[in-house]
1. Could you please let me know if residue 21 is part of a loop (DSSP other than H, G, I, E, B), out of contact with any Gly (no Cβ under 8 Å at 6 or more places or on another chain) and modelled with pLDDT of 95 or more?
2. Can you tell me which residue within the range 52-90, out of those that are within 29 Å of residue 30 (Cα to Cα) and of a type in the set (Lys, Arg), is modelled with the lowest pLDDT?
3. Among the residues in the range 29-42, are any surrounded by 13 or more Cβ atoms within 10 Å (Cβ to Cβ) and in contact (Cβ under 8 Å) with a residue 40 or more places away in the chain?
4. Select from the range 45-59 the residues that are surrounded by 12 or more Cβ atoms within 10 Å (Cβ to Cβ) and either over 17 Å from residue 6 (Cα atoms) or among the charged types (D, E, K, R) (or both) and list them in ascending order.
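The values are calculated or read from the model by the stated rules, or taken from the named source; none is laboratory data. Computed from a predicted structure; not experimentally measured. As a convention, Cβ positions derive from the backbone with ideal geometry for all residues, glycine included, and neighbour counts pool all protein chains shown.
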Amino acid sequence: MMPNGLSPFVDADGAAELLGVNANTVYLLISEGLLPAAKIGKPWKLRRQDVIDYVIRQIDEQTRQRKEEKSCDATATTLPSVMQRRRPRRADKLMTKK
C-alpha cells in the first residue's frame, strides 16, 4: 500500500480513470508499449506511478513541442519581412544582354 492508502497497482479501468480516457485507450497504450503493464490472470495490472510518469512525459513532450512551434512561428513571421526587402531577380532580366 502507498502512504495514502492507495494500492500501488491499478487495472486498465483504474488507469483510464487516472488518465481521463476510455479503457480502450489504455489497452492501446499498453499494446504500443507506451504504458508498462503485465497481464496477471485476466486483467492487466499497471503500476500507478507508471501511469503518472506517462502523464508527466506527455506534459513535458507537448510543452517542448509547443515551444518549438512557437520558435518556428516566430522565425516564420519575421523571415518573410526580411525576404520582402530583397528584390527578387527576374529570370527574363538575367537572360537579356545589357
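1. yes
2. Applying the filter and picking the extreme gives 67.
3. Checked the range 29-42: no residue is surrounded by 13 or more Cβ atoms within 10 Å (Cβ to Cβ) and in contact (Cβ under 8 Å) with a residue 40 or more places away in the chain.
4. 45, 47, 48, 50, 53, 54, 55, 58
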